[in-house]
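Some notes on the structure that comes next.
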Amino acid sequence: MLSASLKKNLTQLLFQCGVISFPTEKNAMPYELRLQNLTSQPQILRYVAKLVASTVSQDDFTLFVGSYINIPLVTTVSLELDKPMIFVRGKKKEYGKEHLIEGKFSSGQTAILVIDYIAEPSEVFQLIGRLEGSGLRLEKTVIIVDLEDGYVEQIRTKGYRCETLISMHEVFVHLLDAGVIYGCVLRRIKAFLEKKRIAAFA
Amino acid sequence: MLQYAQILTMAVLDSQAKERLILELHEVGIIDFGKFKLKSGLISPYYIDLRLLVTFPHLLELVSDVLWEKIRLKPLDLIAGVPYAALPIATAISLRYNRPLIFLRKEKKNYGKGKLIEGIFHKGQHVVIIDDVISDGASKFETITPIEEVGLKVSQIVVLLDRGQGGVQTVQEKGYQCVAITNMDEVLEVLYKHGRITYDQLSECQKFIIQTSLKHPVNSSKRTHKA
């Protein structure tokens, strides 16, 4: 768990580098989250990697793993701690020595999965399935932003340890505090999330 | 103006770093010898898998240092990484030399905003494209085209390894700056010099390179082979 001041700091940086934005066009989502934009400010990317590193300091593991879209993030964490990394590609090629999992590893090793946010729990389960299918053991999963749509809970329910750096709720609270967004934006977001939650159960 | 001795020292340091890199890549098995089936169906006596770099963070840093010596010579606002192998390399360069990174999506999302280029960029910015290898050069345009389509300028393409199939020339002929840090001939030469491969292995590999480069003649205008 990060301290409140670290979370406040993280929120500011995420907003500063365009990871979180509030589109004003009509019919747009009230907020947008693009963690890929972290690569535009290497110092901020490094800061996030340091925070990820701090959450795994007590863990016993051999390597970091990520999906291809998180390659920059996981590479940064790997360089920060000088620990090996592997990545899972979307599709396997039929020629050469290309594998579904790229990088060197051996069966029985312990891995930490790093994810920006969970867009679809089934994708995470597929990824975990591929890791376990290759003989790797998952020590835990570190998720940068918890969207609080219950997806992190779904992963936990299956018996996997998860740690999140910050939740969307915390991000909004800090941004409201800092005067970046106003109450009306927050109300729009709340209404939007409520609709999403209802849709999820329908 | 630099003194001749200084230039010479720099060149020696450059080639020392390069030699060290080649030896280390061989040590961890990124440069491997044996029998490997290629996309074309051919059996190659060597294989270079730079995707394995991610398992060796210290090598990733060494590669980024060696590449930087070429990257820093041209205008540069953004570093562009090509998935998969070059993306970790480009990330390491971006972090080490503090330059923003953009990257191409290999697998386009079928939901949400299906952007082809990730990261923040502005029209007119100069981009250096980083890639791990170059074969006949055709696949480089799959990167150059989308980058130019969004209004960015490709200032150069820097590649770690030239496979010796005319790719660098092909890209240059289209009007782009393209440099490779090393090529297979040099890799083999260094490994042989340090006793990492036997004379038989050396000549087998050299023979293979000549055969495959004849299959993809440098000056052929009909370049149907797609990487």
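None of the figures in this text is laboratory data; all of them are computed from the coordinates on show. Note that the structure is predicted; figures quoted are calculated from it, not measured. Please note: Cβ atoms are built from the backbone with ideal geometry, for glycine as well, and neighbour counts cover all protein chains shown.
Taking R0 as 41 Å, what FRET efficiency do you get between residue B:72 and residue A:59 from their Cβ-Cβ distance, rounded to the nearest 0.05?
0.60
Which whole-number percentage describes the relative contact order of the range A:122-173, with Cα contacts under 8 Å and a sequence gap of 6 or more?
Worked out over the range A:122-173, it gives 35 percent.
I'd like the Kirkwood hydrodynamic radius of the protein assembly as shown, using the inverse of the mean 1/r over distinct C-alpha pairs, in Å. Provide the component values of the computation, followed by the final result.
Values: mean 1/r = 0.0430 Å⁻¹.
Hydrodynamic radius (Kirkwood, Cα pairs) of the protein assembly as shown is 23.3 Å.
What does the charge count near residue B:28 come to, summing +1 for each Lys or Arg and -1 for each Asp or Glu among other residues with Cβ under 12 Å from its Cβ?
-3
Across the residues of A:30-40, average count of Cβ atoms on other protein chains within 10 Å?
5
How high is the relative contact order of chain B? Use alpha-carbon pairs under 8 Å, at least six apart in sequence, and give a whole percent.
16 percent
Mean 1/r over all different Cα pairs, inverted: what Kirkwood radius does chain A give, in Å? Walk me through the intermediate numbers first.
Details: mean 1/r = 0.0556 Å⁻¹.
Radius from the Kirkwood sum: 18.0 Å.
Put a dot 7 Å past each Cα toward the Cβ at residue A:82 and residue B:40; how far apart are the dots in nm?
Taking the simple label geometry, residue B:40 and residue A:82 are separated by 4.1 nm.
What does the net charge come to around residue A:10 if you take all other residues with beta carbon closer than 11 Å to its beta carbon, with K and R at +1 and D and E at -1?
Values: positive: A:7, A:8, A:50; negative: A:170.
Once all neighbours under 11 Å are counted, the net charge is +2.
Quick one: compute the contact order of the range B:51-186, relative version, from alpha carbon pairs under 8 angstrom and 6+ residues apart, as a percent. Present the calculation step by step, with values, prior to reporting the outcome.
Numbers: 252 pairs, mean separation 29.7, N = 136.
Result for the range B:51-186 is 22 percent.
Whole number please: convex hull volume per residue, Cα atoms of the range A:4-91, in Å³. Show your work: numbers first, answer last.
On the way: hull volume 10.8 nm³, N = 88.
Considering the Cα atoms of the range A:4-91, their hull volume per residue is 122 Å³.
Give me, ordered by chain and number, the residues 5 or more places off residue B:56 or on other chains with an amide H under 5 Å from its own placed amide H.
A:85
Pull up all non-local amide H partners of residue B:77: gap of 5 or more, or a different chain, and H-to-H distance under 5 Å with H placed in the peptide plane.
When sequence neighbours closer than 5 places are left aside, the close amide H contacts are B:126, B:127, B:128.
In sequence order, what are the phi-derived ³J(HN,Hα) couplings for the range A:107-124 according to the Karplus relation 6.51 cos²θ - 1.76 cosθ + 1.60 with θ = phi - 60°, rounded to whole Hz, with x for glycine and proline?
These are the phi-based 3J(HN,Hα) values: 4, x, 6, 9, 10, 10, 8, 10, 10, 6, 7, 8, 7, 8, x, 4, 5, 5 Hz.
For a protection proxy built on the mean count of beta-carbon atoms within 10 angstrom, sort A:51-59, A:163-171 highest first, please.
A:163-171, A:51-59
Reported to two decimal places, what Rg/Rh ratio describes the range B:59-191 when computed on Cα atoms with Rh from the Kirkwood expression?
When Rh is taken as the Kirkwood radius, the ratio is 0.96.
Let me check I've understood the local charge: for residue B:195, count other residues with C-beta under 15 angstrom from its C-beta, Lys and Arg +1, Asp and Glu -1. What total comes out? Each step should come with its number before you reach the end.
Numbers: positive: B:193, B:196; negative: B:19, B:27, B:189, B:200.
Result for the neighbourhood of residue B:195: -2.
Percent of Cα-Cα pairs more than 15 Å apart in the range A:35-80, please.
That tail contains 40 percent of the Cα-Cα pairs.
Ordered by residue, what ³J(HN,Hα) values in Hz, to whole numbers, does the range A:171-182 give under the Karplus form 6.51 cos²θ - 1.76 cosθ + 1.60, where θ = phi - 60° and Gly and Pro are x?
Result, rounded to whole Hz: 4, 5, 4, 5, 5, 5, 4, 7, x, 7, 10, 10.
How crowded by other chains is B:55-66, given as the mean number of beta carbons from other chains within 10 Å of each beta carbon?
So the per-residue partner count for this stretch is 3.
Rounded to the nearest 0.05, what FRET efficiency do residue A:191 and residue A:120 give with R0 = 35 Å and r taken as the Cβ-Cβ distance? Could you check?
0.90
Using only helices, what value at 222 nm comes out for the protein assembly as shown when you add -39,500 (n - 2.57) per DSSP H run of length 4 or more and divide by the total residues, to the nearest 500 deg cm²/dmol?
Computed ellipticity for the protein assembly as shown at 222 nm equals -13500 deg cm²/dmol.
Residue by residue through the range B:54-69, which ³J(HN,Hα) values in whole Hz follow from phi under the Karplus form 6.51 cos²θ - 1.76 cosθ + 1.60 (θ = phi - 60°), with glycine and proline marked x?
Coupling constants for the range B:54-69: 4, 7, 10, x, 5, 6, 4, 5, 4, 4, 5, 5, 5, 5, 4, 4 Hz.
Give the residue list of GluC sites (Glu not before Pro) in the range A:1-107 that are DSSP loop and have at most 12 other beta-carbon atoms within 10 angstrom. List each step's numbers first, then the result.
Numbers: sites: A:25, A:32, A:80, A:94, A:98, A:102; in loops: A:25, A:94, A:98.
Within the range A:1-107, the qualifying GluC sites (Glu not before Pro) (loop, at most 12 other Cβ atoms within 10 Å) are A:25, A:94.
Taking square-rooted eigenvalues a ≥ b ≥ c of the alpha carbon gyration tensor, is the range A:59-138 rounded, prolate or oblate, where a/c under 1.5 means rounded and, failing that, a/b exceeding b/c means prolate?
rounded
Amide H neighbours of residue A:138 under 5 Å, counting only residues 5+ apart in sequence or on other chains, H built in-plane at 1.01 Å?
When sequence neighbours closer than 5 places are left aside, the close amide H contacts are A:111.
Work out the FRET efficiency for residue A:107 and residue A:173 from their Cβ-Cβ distance, taking R0 = 56 Å, and round it to the nearest 0.05.
Efficiency, from the Cβ-Cβ distance: 0.80.
What number results when the radius of gyration of the range B:19-64, computed over Cα atoms, is divided by 2.2 N^0.38 Å?
So the Cα radius of gyration is 1.25 times the expected 2.2 N^0.38 Å.
May I ask what percent, to the nearest 5, of DSSP beta bridges between residues of chain A are antiparallel?
Counting DSSP beta bridges with both partners in chain A, the antiparallel share is about 20 percent.
Using every pair of alpha-carbon atoms in chain B, split the distances into 10 Å bins beginning at 0 and state the percent of pairs per bin, rounded to integers.
Whole-percent P(r) values from 0 Å outward: 7, 31, 36, 22, 5, 0.
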